[in-house]
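The block underneath contains the structure these notes are about, expressed in structure tokens.
The numbers here are math on the coordinates, done by the rules we state, and not lab data. Being a predicted model, the structure only gives us computed values, none of them experimental. Here the Cβ is made from the backbone with ideal geometry for all residues, glycine too, and neighbour counts use every protein chain on show.
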Amino acid sequence: MAIQKKLQTRKEQILQAAERTFAQKGYQEATISDVAREAKVSEATIYEYFTSKEELLFLIPGATARRGKENLEHVLRLIRSSADKIRAFIYDHFNFYQNHPDYASVAMLILKPNRKFLETEAYKDVQELSRILLQVIKEGMARGEFRSDFDPYLIRSAVLGTIEHLVARQVLLGKPENLVALVDPLTEMIVGGIKARDEEKDWNLRVVLSEGVKKEENEFILEREDRKAGALKKIKKIK
């Protein structure tokens, strides 16, 4: 047991060193020697744990995403409303990227454009995080908190796309300086756009043609469609 723990600790040490090295030097320019120097181990030691530089790169987000999923699920269980859950999701991501700039750099600038990463197990771990957000959105729709006429996948894309865009800008340009300060504005923008209205209604004009009466005596009935109740409510007749 002690040996296994020591091996796992060494593996994590090397992955953390690779993360720092790739973020600072770039993946193409960085070498295994650079990673070994940063990890304070020999190149031979690195090859005992990893077969290549590419494997090192692709394994960086796996454990991070799994830990993130566990922590986020624990927090969301303590939150009641779907809107607050979306806020917690946004806060969790912004806060993590704000405090882990090397990971943000590797994730946004190196892994995201790499198509081969989409075929890895680590990418599946990352996907599990995004599924949590999708589940929250669908639950909000089922409870009547969010409008049901929107595509939940589109809402998820809007949230994740905005997060990734802002994180990438911070990595490249240093702006915005404080990602966490954007949690509430982004939450209000997203939730405000999808929040179910008290009355989601349409107006309809119905013409009632009666037999045996003059054309001008036919009734024009103005109706209001209450989507939530699933019924038509007669408002007034127009002669």
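Using bins of 5 Å that start at zero, the share of Cα-Cα pairs per bin across segment 63-130 amounts to 3, 15, 23, 25, 17, 10, 5, 1, in whole %. Each listed q (0.09, 0.14 Å⁻¹) maps to a log10 I(q)/I(0) for segment 2-120, found by the Debye formula over equal Cα scatterers with no solvent: -0.30, -0.67.
Computed extension length for R115-I32: 27.7 nm, one decimal, from 0.36 nm per residue of separation with the Cα-Cα distance subtracted. Applying the Karplus relation 6.51 cos²θ - 1.76 cosθ + 1.60 with θ = phi - 60° to segment 109-115 yields 3J(HN,Hα) values of 9, 10, 6, 4, x, 8, 5 Hz, where x marks Gly and Pro.
For segment 11-63, the convex hull drawn through the C-alpha positions has a volume of 64 cubic angstrom per residue. Share of Cα-Cα pairs in segment 51-194 beyond 18 Å, in percent? In whole percent, the long-distance tail amounts to 57.
Extension gain, T9 to K195, is 62.4 nm, computed as 0.36 nm per intervening residue step minus the present C-alpha separation. With the simple spin-label model, which puts each label point 7 Å out from Cα in the Cβ direction, the Q24 to A158 separation comes to 4.1 nm.
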